[in-house]
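Visitor: Pasting a structure here, questions to come.
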Amino acid sequence: QVQLVESGGGLVQPGGSLRLSCAASGIVFDLYAVAWYRQVPGKQRELVARITSAGRINYYDSVKGRFTISRDNAVNTVYLQMNSLKPEDTAVYYCNARKEAPGPTGYLEVWGQGTLVTVSS
């Protein structure tokens, strides 16, 4: 069964830290680029950070210098270390794995169920 399971969300005070994990099963994990997205009610889901199968990394501008994405292919897991958290980081964070593949869309994609991060005093 193809699955992504996020964990590590919760309530944290402004300035605090959290580490999110995204554990994959049922896929050849190291072939996939993995990204973290976040979404607040009423707004579009936005890309936070992305790491390719080759290890190239991109960050959304508002999290640069505060968030770090990394992957451990030995345990099929991607992490998002979030430091200096702000109230505007409050959102449901989703993990996404994608790789190129034949077919109408040109890719295969898997989403996790999301984990809630709340930054509040």
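Visitor: Could you list, ordered by first residue, the pairs with Cβ atoms under 8 Å in which the first is in segment 81-93 and closer than 20 Å to I57 by Cβ and open to solvent by 10 Å² or more (accessible area, probe 1.4 Å) and the second is assigned to a loop (DSSP other than H, G, I, E, B) and of a type outside the set (K, R), at least 6 apart or interchain?
Guide: Listed by first residue and then by second, the contacts come to Q81/S17; N83/S17; S84/G15; S84/S17.
Visitor: Run down A49, A23 and say which single residue is part of a strand (DSSP E or B), surrounded by 14 or more Cβ atoms within 10 Å (Cβ to Cβ), without any contact (Cβ under 8 Å) to a residue 40 or more places away in the chain and touching a helix residue (DSSP H, G or I) at 6+ places or on another chain (Cβ under 8 Å).
Guide: Answer to the check: A49.
Visitor: Go over the candidates G114, G42 one by one and state the one that is free of Cβ contacts under 8 Å to residues at least 12 places away in the same chain and at positive phi.
Guide: On the way: G114 fails: free of Cβ contacts under 8 Å to residues at least 12 places away in the same chain.
Unique residue meeting the criteria: G42.
Visitor: Then there's this: Within the bounds of segment 83-99, is there any residue that is among the aliphatic types (A, V, I, L, M), outside any strand (DSSP E or B) and either under 15 Å from the mean Cα position of the chain (by Cα) or modelled with pLDDT of 95 or more (or both)?
Guide: Looking only at segment 83-99, we keep the residues that are among the aliphatic types (A, V, I, L, M), and these are 85, 91-92, 97.
From the residues that got through so far, the ones that are outside any strand (DSSP E or B) too are 85.
Adding the requirement that they be either under 15 Å from the mean Cα position of the chain (by Cα) or modelled with pLDDT of 95 or more (or both) leaves 85.
Yes; the residues of segment 83-99 include at least one that is among the aliphatic types (A, V, I, L, M), outside any strand (DSSP E or B) and either under 15 Å from the mean Cα position of the chain (by Cα) or modelled with pLDDT of 95 or more (or both).
Visitor: Are any residues in segment 1-20 assigned to a loop (DSSP other than H, G, I, E, B) and either surrounded by fewer than 16 Cβ atoms within 10 Å (Cβ to Cβ) or of a type in the set (S, T, Y) (or both), and if so, which ones? Explain how you work it out, then say what you get.
Guide: First pass over segment 1-20, keeping only residues assigned to a loop (DSSP other than H, G, I, E, B): 1-2, 8-9, 13-17.
Residues satisfying the conditions are Q1, V2, Q13, P14, G15, G16, S17.
Visitor: Filter segment 52-67 for residues that are hydroxyl-bearing (S, T, Y) and more than 16 Å from K86 (Cβ to Cβ); which is surrounded by the most Cβ atoms within 10 Å (Cβ to Cβ)? Lay out the reasoning, then the answer.
Guide: Step one: of segment 52-67, the residues hydroxyl-bearing (S, T, Y) are 52-53, 59-60, 62.
Still in the running and more than 16 Å from K86 (Cβ to Cβ): 52-53.
On the way: T52: 15, S53: 17.
Within segment 52-67, the match that is surrounded by the most Cβ atoms within 10 Å (Cβ to Cβ) is S53.
The values are calculated or read from the model by the stated rules, or taken from the named source; none is laboratory data. Not measured: the values here are computed from a predicted model. Virtual Cβ from ideal backbone geometry, glycine too; neighbours counted across all protein chains shown. We work out accessible area using only protein heavy atoms, side chains counted, and drop any ligands, DNA or RNA first. Shrake-Rupley method; radii C 1.70, N 1.55, O 1.52, S 1.80 Å.
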